[in-house]
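K.L.:
Below you will find the structure I want to go over with you.
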Amino acid sequence: MQIIDKFLKEHRLSRPEYEELLSYWQNSEVVRRLKEEAVRLRSQYYGNAVFTRGLIEFTNYCKNNCYYCGIRCGNPSVERYRLTSEEILECCRTGYLLSYRTFVLQGGEDPYYTDEKMVDIIRRIKKEFPDCALTLSLGEKSYESYRLFREAGADRYLLRHETADEGLYRTLHPEGMSLKHRKECLYHLKELGYQVGAGFMVGAPGQTFSHIAEDLIFLQELEPQMIGIGPFIPHHETIYANEPAGSVELTLFLLAVIRIMFPKVLLPATTALGTLDPIGREEGLLAGANVVMPNLSPVKKRKLYELYDNKICTGEEAAECRGCLGRRVESVGYQLVEDRGDAVC
Ligand code: 5AD
Ligand code: FES
């Protein structure tokens, strides 16, 4: 148990030490201590505030074929859609009235949205909602594209590294994608002054504690402002259809570990967590998370953005989702706030 004391005191461990720490994920006393410290640190910097990000899934076309993902290009059963600029702006308008002050444009890697189109959309959103932060999540792009988007007004960028282990990365992705390039993108985004989000799936097929320890070390090096982690959930049209889902408990354990490592980080209680457990997101907040990402996509399109099976919040109206989340957040003693929710310095 010395390792727990060391972690709680120093907030930093070596890779083998993280591996040892992870071996305690089912020890209820350890879990209790870590969550307690995580919640203490979160409230020190953020009080009882929980930030919202209105998620707009604007295209489910993707040129990539990540083996775990339901909307990969190799899945012919997906009914593909794209939102127009006007439809995207409509989502923002709805979100603004629901008090959202961050919008996240998320999509597959869809070449239809050229740099020119993206710059136009970014400018229009920032012009109409100057008091809102705009987050992009469009995958891997060139330095030049990232620069253009940043100049057009984008504030943040989410690009999960997925796994920091070369071997595991190879098994989860086809030839042509590389961990090296992914990491390069993350460093480019940092250099350009984006608030950057990285992250990984918990329980991805083939993942071990050693891999997760490597993820934690990578995050330590990158020092992102946002970290997105959620359990892997199989999608029926992928080669991993029959793999077990990641563990909710291990995800919660990791949320607490990450909060302790990075006390000021913006850490969402993810939709995947809420999909595997009806109160997964509430549990996430109680393990140190401080962000939720309600769906703002047009209701008719929501079911089509199916990264994994049984994704929640694909039926509700935006207003219902806002109300539901507000109640959920309050049920565990926190408050949704009307704020951009930038990371504290
Ligand atoms: N289960 C859980 N998360 C997934 N993602 C993609 N496919 C799955 C899945 N089957 C995650 C990836 C990606 C993010 C948008 O969704 O980590 O970066
Ligand atoms: Fe979307 Fe509950 S959070 S319906």
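K.L.:
Check which residues have an amide H placed less than 5 Å from A133's amide H, if you skip close sequence neighbours.
P.N.:
Those lying under 5 Å, H to H, from A133 are T102, F103.
K.L.:
Sticking with this structure for a sec: Students often get this wrong: which residues of segment 257-292 have the backbone nitrogen under 18 Å from the point 7 angstrom along Cα-to-C-beta of N310?
P.N.:
Those under the cut-off are 270-284.
K.L.:
Something else now. Compute the helix-to-body angle for 179-191: its Cα long axis versus the longest principal axis of the chain, expressed 0 to 90° and rounded to tens.
P.N.:
Roughly 80 degrees between the two axes.
K.L.:
Here is a follow-up. Relative contact order for the chain using alpha-carbon pairs under 8 Å, separation at least 6, rounded to a whole percent?
P.N.:
It comes to 25 percent, rounded to a whole number.
K.L.:
How far is helix 85-97 tilted off the main Cα axis of the chain, in degrees rounded to 10, range 0 to 90?
P.N.:
50
K.L.:
Related question: Test of understanding: what is the full-extension gain from E151 to F209, defined as 0.36 nm times their sequence separation minus their Cα-Cα distance?
P.N.:
Result: 16.9 nm gained on full extension.
K.L.:
Next question. Grab the beta carbon distance between S331 and Q44, set R0 = 22 Å, and tell me the FRET efficiency rounded to 0.05.
P.N.:
Numbers: r = 22 Å, r/R0 = 1.02.
That pair, S331 with Q44, gives E of 0.45.
K.L.:
Restricting to Cα pairs below 8 Å that are 6+ residues apart, what does the relative contact order work out to for segment 194-345? Please round to a whole percent. Before the final figure, lay out the partial values.
P.N.:
Details: 205 pairs, mean separation 30.4, N = 152.
With pairs under 8 Å counted, the relative contact order is 20 percent.
K.L.:
Another question about this same structure. Using a 7 Å offset from the Cα along the Cα-to-Cβ direction at both E175 and D277, what is the distance between the two label points in nm, to one decimal?
P.N.:
Using points 7 Å along Cα→Cβ, the separation is 4.1 nm.
K.L.:
What does the convex hull of the Cα atoms come to per residue for segment 46-184, in Å³?
P.N.:
Convex hull volume per residue, Cα atoms: 140 Å³.
K.L.:
Whenever you get a sec, compute what percent of the accessible area on the chain sits on carbon and sulfur atoms (1.4 Å probe). Please report the intermediate quantities before stating the final value.
P.N.:
Values: 7030 of 13810 Å².
Here carbon and sulfur together make up 51 percent of the probe-accessible area.
K.L.:
For K311, give me every one of the aspartates and glutamates with a C-alpha distance below 15 angstrom, ignoring sequence neighbours fewer than eight places off in its own chain.
P.N.:
Counting by Cα, and skipping residues close in sequence, K311 has these aspartates and glutamates nearby: E57, E237, D277.
K.L.:
Another one. Can you tell me the orientation of helix 318-331 relative to the chain, as the angle in degrees between its alpha-carbon axis and the longest Cα principal axis, to the nearest 10?
P.N.:
The answer is roughly 20 degrees.
K.L.:
Please figure out what share of the DSSP beta bridges in the chain is antiparallel and state it in percent, rounded to the nearest 5.
P.N.:
Here the antiparallel bridges make up roughly 5 percent for the chain.
K.L.:
Give the lysines whose C-alpha is closer than 29 Å to that of K180, dropping any in the same chain fewer than 8 places away, or say none.
P.N.:
Filter leaves K63, K117, K141, K190, K264.
K.L.:
Given N residues in segment 272-345, what is its alpha carbon radius of gyration divided by 2.2 N^0.38 Å?
P.N.:
Expressed relative to 2.2 N^0.38 Å, the Cα Rg reads 1.15.
K.L.:
Return one whole number: the accessible area per residue of the chain in Å², for a 1.4 Å probe.
P.N.:
On a per-residue basis, the chain sits at 40 Å².
K.L.:
Right, something else. Using alpha-carbon positions, what is the distance between the centroids of segment 30-68 and segment 227-294, in Å?
P.N.:
7
K.L.:
Over its Cα atoms, what ratio of radius of gyration to 2.2 N^0.38 Å does the chain give?
P.N.:
Taking N as the residue count of the chain, the ratio is 0.93.
K.L.:
Need the full-extension length gain, N65 to R12, defined as separation in residues times 0.36 nm minus the C-alpha distance. One decimal, nm. Display every interim value, and only then the final one.
P.N.:
On the way: separation 53, 0.36 × 53 = 19.08 nm, distance 3.51 nm.
Working it through step by step, the gained length comes to 15.6 nm.
K.L.:
Another question, if that's okay. Please work out how much length the chain gains when fully extended from E191 to S85, using 0.36 nm per residue of separation minus the C-alpha to C-alpha distance, in nm with one decimal.
P.N.:
On the way: separation 106, 0.36 × 106 = 38.16 nm, distance 2.82 nm.
Extending this stretch completely gives an extra 35.3 nm.
The values are calculated or read from the model by the stated rules, or taken from the named source; none is laboratory data. All of these numbers come straight from a predicted model, not from anything done at the bench. For neighbour counting, all protein chains shown are included, and Cβ atoms are generated from backbone atoms with ideal geometry for every residue, glycine included. All accessible areas refer to the heavy atoms of the entire protein, side chains included, with ligands and DNA or RNA removed. Shrake-Rupley method; radii C 1.70, N 1.55, O 1.52, S 1.80 Å.
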